[in-house]
Every structure is written in structure tokens, then in C-alpha cells.
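Notes follow the structure.
Each reported figure results from applying straightforward, stated rules to the coordinates on display, with no laboratory input. Values in this document were obtained by computation on a predicted structure and should not be read as measured data. Reconstructed Cβ throughout: ideal geometry from the backbone, glycine too, with neighbour counts over all protein chains shown.
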Amino acid sequence: MENMKKRLAVFLCILFILPSILSVLPKTSVEVQAGNRYSAIALAGLFTSAMGGKPPIIWVEEGQEFYIGDYVQLYSNDKYYTHLLGTASMLKASYSSSQKSVAEVNGKGLLKTKSEGSSMVKVKYKTCTTTFDLRVEKKGSLKHKASDAKLAEAADIIDKAIPSKVTASNGFDLIKKLKAYQAVRDEVSSESLSTGSNGVGVLVVPQTGRFNTFSAMLSVYAEKNSPLTTTSAKVLKIRSVKARAKTVTVKLKKAPTTEQFLSMKMYYAIYSTLEKKNISAAKNKVYFPITIIPEKGMYISGLACMTKGSKTITITPRQYRNGKLVNMKLKKGTYRIGMKYDWTKGKKFKVK
């Protein structure tokens, strides 16, 4: 759980494949994503500015329409973690374009390119402002591939699938649509040659930014509602822990509600390598990773499983062998489940 939490701040950049540069401001910060040189889908990373402190340059063509707020992610920070608030498209951000004859942007962040030229496009959320150096080229002048049409079609499906609200009842259907889009994106991204690491992004299919907002809506909902996250209003509380060499059994003070249980499945269907297990497994079970910490020695991975309506979590200790996680036996001694700032509060237990 500890490792999962620490990765939370960079979840979207994991989804987008390429590395990120995270800049934290007090309370809230703005991160900007510039597109990939050829397909605009494998994003170039997270920046607040390009090399030399200048705004990132984004190249687009005449006649394109897309939500610029899809390319801005906002975070809040607490004592231990950075939490995604969402994209600017999800929040009450404001937008402006310095050259309206080149590009117009409305109050919802819908940007329309009109003619060749450049314009400084600003996105503001509360006290945070980020700026794009938008360069508009003649229609058809950017390098296109046959697969761009396929990508644009998938982006349109995502656009229509964006819900007014994410719930546990519609969450899994949305996750399946997200995964279907990712499959198309991954197929096309294999043809990409440039990462745009110098802060320059060419958005050949800029409407693919809808995926950023779609996935952010799911991740924000899952983090907020899963009782295995510290941001949840009702974090799971442990009553007792008993252990044998091959199994650790955790008893909870209260079983998760149906909404919480489904949110847990959503959370780990989105974030972890257990996505297939949680999406395809019986609806009455949830699987999630958990860290077991011995008094001395390396951390141990654990595969946790809980049944819907139950107060019991069963954990199987695992370790890496030949690049794979396999079941293992715990030696005699004292251990902790997670860290003190996780939902587990670092609960201690002994193996006799």
C-alpha cells in the first residue's frame, strides 16, 4: 500500500507512458502536458515550463477544436502525498487567448484555431496560472499517419463516454472504455519517434486530450471513495491481525459498504497490475497489493483479498523470484502492515 500511495501523484504519467517532472506549489499546483510529435497520444511529460523557463510550445493546425483544459492537471498536497484534483476541464478554470484572430477559447476551455500565427493561451485555476505558446500552422502541414484517423475515432468515443458523474454503478463500464481507448493509443504510439522532451509538442490529433479528463475523473473518484486510501472519509480500521507462515489474516472493525467495496475494485482496476484480476474476477471479491514490513530486512509484497460484506482480509506474502512474484513463507518475528500514515497505520503482528 505504501508503494501504491507514493506512486499516486504520478499515476497519469504512468498511464501516459513517459516520465514526468512534478513541480509542487503551496496547496495547489498546475502541471501541463504537451503532446507527442507524431500522434499526440504518448504525452511528452509534465511541465510547468519548457527548457529555459519558457512556456511549452504546442503546434496545431487551422480548423482544429479541442479542450485545452484537458492538458492541464491540478494537484493538492498534504503532509505525505500529492493528490490529483483533476484536469482544468473538470474544475472551474478560466481561459484566455492573446490573439483571438489566431485561436479563440471559450469559458469551458474549448479552443478553436482560426488562422496561421501564434497566441499565448492561459489557463488559470484559483491562484495558479499556466501558459501555452500556441503555434497554428496551415491545415494539412503537420505530419500525419493513416492511424491518426483511428485515433481520432477512438477519441470521439471517449468524448461521448465522459459522464456527468462517476459512480460505483457505472465505474466498471467506464474503465472498460478507458482500456479500449488505451489499446488503440498503445497501438498507434508504437509508431511515434519523438518524445518532445524539450517542451515542444505537436498535436496532430489534439482531441485525444479527452482521455486525460476521462481517466482523471475515474482516478479522482476511486481515490476519494476507496476506504483503502487516506483521502477517503471512511478509511478501513483494523481490529486485529493474526498470522501464520503462509497467511496473514486481518479482522476489520467494520465491513466496507457496497459503494466502498466497488470503489476498491475500481481503484485497483485502474492503478495496479491487478487490473485484470479485479475486472474479470467474481464481483464479490477484490484484490489489492499490501506491504509487509519486518523489523529487519527488506519489505515484503503481499496479495490481499477481501470478499464483499466481509470483515476479513486474507493476505498471501509474496516475493520476487526470477522476475515474478511467488508465494513465500514468513519467518518468526514481528512485522507491520504498511506504514503509520497508510490506512493500516502500520499495525504490528507476530509470526510464532
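A few comments on the model shown:
- Amide H contacts of GLY63: THR113, LYS114, each under 5 Å away and 5 or more positions distant or on a separate chain (H built 1.01 Å from N in the peptide plane; Pro and chain starts excluded).
- Placing unit charges on the Cβ atoms of the charged side chains and taking the dipole of region 68-174 about its Cα centre, the candidate lying farthest along the positive direction among THR131, SER76, VAL166 is THR131.
- Under a 5 Å amide H cut-off, with hydrogens placed 1.01 Å from N, LEU85 pairs with LEU74, TYR75, SER76 among residues at least 5 apart or on other chains.
- Greater than 19 Å apart at Cα, pairs in LYS329/LYS352; LYS145/LYS176; LYS253/LYS347; LYS251/LYS350; LYS253/LYS296: LYS145/LYS176; LYS253/LYS296
- Separation in nanometres of the label points that stand 7 Å from Cα toward Cβ, at TYR341 and ARG244: 3.7 nm
- Chymotrypsin sites (Phe, Trp or Tyr not before Pro) restricted to DSSP loop in region 306-349 with at most 16 other C-beta within 10 Å: TYR341
- Cα-based reach from LYS150 at 17 Å (exclusive), listing lysines while leaving out same-chain residues under 8 positions away: LYS160, LYS177, LYS179
- Between THR129 and LYS348, full extension at 0.36 nm per residue minus the direct alpha carbon distance yields a gain of 74.3 nm.
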